[in-house]
Amino acid sequence: MTERHSETAPASPPPRRRITRQEQEPASGEVTEVTPGVLRMQLPIWMPGLGHVNMYGLVDDRGVALVDPGLPGPRSWSTLKRRLRSAGFEFRHVHTVVVTHSHPDHYGAAGHVVKKTGARLVTHCAFETFAEASPPLGPSEAADAEREAAALAALLGVENDVPPEDFLPSSGAAAGPFSNPTPWGEAQSNRWRMRGVILRAFRRLFIAPRPTHRVRNDDVVTLAGREWRAVYTPGHTPDHLCLFDPDSGALLSGDHVLPTITPHISGMAEGFDTLGAYLATLDHVAKLPDVGVGLPAHGHPFDDVPGRVADITAHHVERMEKLAAAGEALGPATVRSLSRELFPERHWG
Ligand SMILES: [Zn+2]
C-alpha cells in the first residue's frame, strides 16, 4: 500500500502558497506566555490554508496540560518534543491533554501523547473520530504516509489547480464518505476524492484517542491553577469545545473563533443545522461575562472576541443574503448552480 502511494505522490517539495493570513504563517519556534501560566507553542501542519496549529501549554505545580497537540506523524511529533523541551518540560510532566474538536490537526497526536505520558484526555462528550486507527506503522512507513498526505494537501491548497486524474489511486482505494456520489447525486470531483486519500493517511498515522474525561457545557476543568468552564460550541464540528476562564476572561477558542479566517461549517452532520448552531454559539461566546483575550487554535491571540464574532456573523449574513438572492433569481436550482453563484471558479467542485 505504502509503496504504491509513493509512486503516485510527487517527490518534489509541495507547491508554495502566498501567505495572506496569519493562520497560514509557518510554525515559529518561539514559545510565548500569552496570559499568565498559558504558553503558546506552534506546531507545523500540512493542511490547505493553514501553516501551523497552536498547542497551548497550561502550566501548574503538577506539570503541564497540552491543548490540541497537533497532527499525527513524525514531523509534528519531533517538533512537539522540541517545543516541550524549550518550554522546560519533559513528557513525564504532561498530566492532561485537551482536544477542542475532532479534526486531525487538533486530535492527531493526542493518542501518542497519552500513550507516552499516561495523561488524562479531556474532550467534549460528543467527541468522535469515526475511525479506529490501523496497526501502528514503522518509522519509514509513517514518514511515507505523512509525505504522501502532505503532497496531496499541498496540491489541494493551490488555487486554480486541477489535480490530474492519474495522481489519484482508483476510486475504490479512496474508500469512505468521499468516494460515494454527493448527496445531490453527482460524482465526486477529484479534489474531493483527494480529501478522502488524505483522511485515510491520517487514520494510518494516529493512535485512536480515547477520552478519559468527557465534559459537558458548564463543567469545570481545573488547569494552570484556574477553573476553566467548558463551553460547548457546535458548528465547525458537532463536538467543538471552548474553555473559558471567568477570572481572567481568557477564552481557548479552538477553531470556533479565529482571528482572520472563518472556520468551515460542515454540512456532513445529518439532521443538524450546523450553521444555525454555529451562529447561536458564536453569539454565546461573545456574551460570556467579561470575555477578554481569545486564544485561537490558528493565528495570534486577539483581544476583542465580541468584535471578531460580530465580523464573522456579518460575513455569514452577507453570504446567506447572496444565496437567498441567487435562489430567487434562479428559481428551482441544483446545488451546483447555486454554489457557482456563491463561489469564484477556483472553488467550484
Ligand atoms: Zn477544525
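The values are calculated or read from the model by the stated rules, or taken from the named source; none is laboratory data. Treat the numbers as computed from the prediction; the structure is a model and nothing was measured. FYI the Cβ positions are ideal-geometry reconstructions off the backbone, even for glycines, and counts take in every protein chain you see. Keep in mind that these areas ignore ligands, DNA and RNA; they rest on the heavy atoms of the full protein, side chains included. Shrake-Rupley method; radii C 1.70, N 1.55, O 1.52, S 1.80 Å.
Give just the number: which of (1) surrounded by 14 or more Cβ atoms within 10 Å (Cβ to Cβ); (2) modelled with pLDDT of 95 or more does L50 not satisfy?
(2)
For region 202-230, which positions are without any contact (Cβ under 8 Å) to a residue 40 or more places away in the chain and of a type outside the set (V, I, T)?
Correct list: N217, D218, D219, E227, W228, R229.
Report whether or not A314 is of a type in the set (G, A, S), modelled with pLDDT of 95 or more and part of a strand (DSSP E or B). Give the steps one after another, and end with the answer.
On the way: of a type in the set (G, A, S): yes; modelled with pLDDT of 95 or more: yes; part of a strand (DSSP E or B): no.
No, not satisfied.
Give the residues of region 231-255 that are free of Cβ contacts under 8 Å to residues at least 60 places away in the same chain and assigned to a loop (DSSP other than H, G, I, E, B), sorted by residue number.
Within region 231-255, T233, G235, D245, P246, D247, G249 qualify.
Does region 225-238 include one or more residues that are among the charged types (D, E, K, R) and more than 25 Å from D61 (Cα to Cα)? Please lay out each step first, then the result.
Filtering region 225-238 for residues among the charged types (D, E, K, R) gives 226-227, 229.
If we keep only those that are more than 25 Å from D61 (Cα to Cα) too, we end up with none.
No: region 225-238 contains no residue that is among the charged types (D, E, K, R) and more than 25 Å from D61 (Cα to Cα).
Would you confirm whether any residue within region 28-36 is open to solvent by less than 20 Å² (accessible area, probe 1.4 Å), among the hydrophobic types (A, V, I, L, M, F, W, C), at pLDDT 95 or above and not in a loop (DSSP other than H, G, I, E, B)?
No, because not a single residue in region 28-36 is open to solvent by less than 20 Å² (accessible area, probe 1.4 Å), among the hydrophobic types (A, V, I, L, M, F, W, C), at pLDDT 95 or above and not in a loop (DSSP other than H, G, I, E, B).
Report, by residue number, each residue of region 266-291 that is modelled with pLDDT of 90 or more, open to solvent by less than 60 Å² (accessible area, probe 1.4 Å) and not in a helix (DSSP H, G or I).
Those that are modelled with pLDDT of 90 or more, open to solvent by less than 60 Å² (accessible area, probe 1.4 Å) and not in a helix (DSSP H, G or I): L288, V291.
Which residues, taken from region 53-88, are open to solvent by 10 Å² or more (accessible area, probe 1.4 Å) and among the charged types (D, E, K, R)?
Passing the criteria: D60, D61, R62, R75, K81, R82, R83, R85.
Report every pair of residues separated by at least 6 positions or lying on different chains whose Cβ atoms are under 8 Å apart, first residue within region 257-276 and away from the ligand (no atom under 15 Å from the Cβ), second open to solvent by less than 70 Å² (accessible area, probe 1.4 Å) and modelled with pLDDT of 85 or more.
Taking only residues 6 or more apart or on different chains, the pairs are T260/Q22; T260/E23; T260/G299; F272/P234; F272/P238; L275/G235; L275/I265; L275/H316.
In region 89-104, which residue that is within 23 Å of E30 (Cβ to Cβ) and surrounded by fewer than 24 Cβ atoms within 10 Å (Cβ to Cβ) is farthest from the ligand (Cβ to nearest atom)? Full working, then the answer.
Residues of region 89-104 within 23 Å of E30 (Cβ to Cβ): 89-91, 93-94, 97-98, 100.
After this cut, where a residue has to be surrounded by fewer than 24 Cβ atoms within 10 Å (Cβ to Cβ) as well, the list is 89-91, 93-94.
On the way: F89: 25, E90: 29, F91: 25, H93: 27, V94: 22 Å.
Within region 89-104, the match that is farthest from the ligand (Cβ to nearest atom) is E90.
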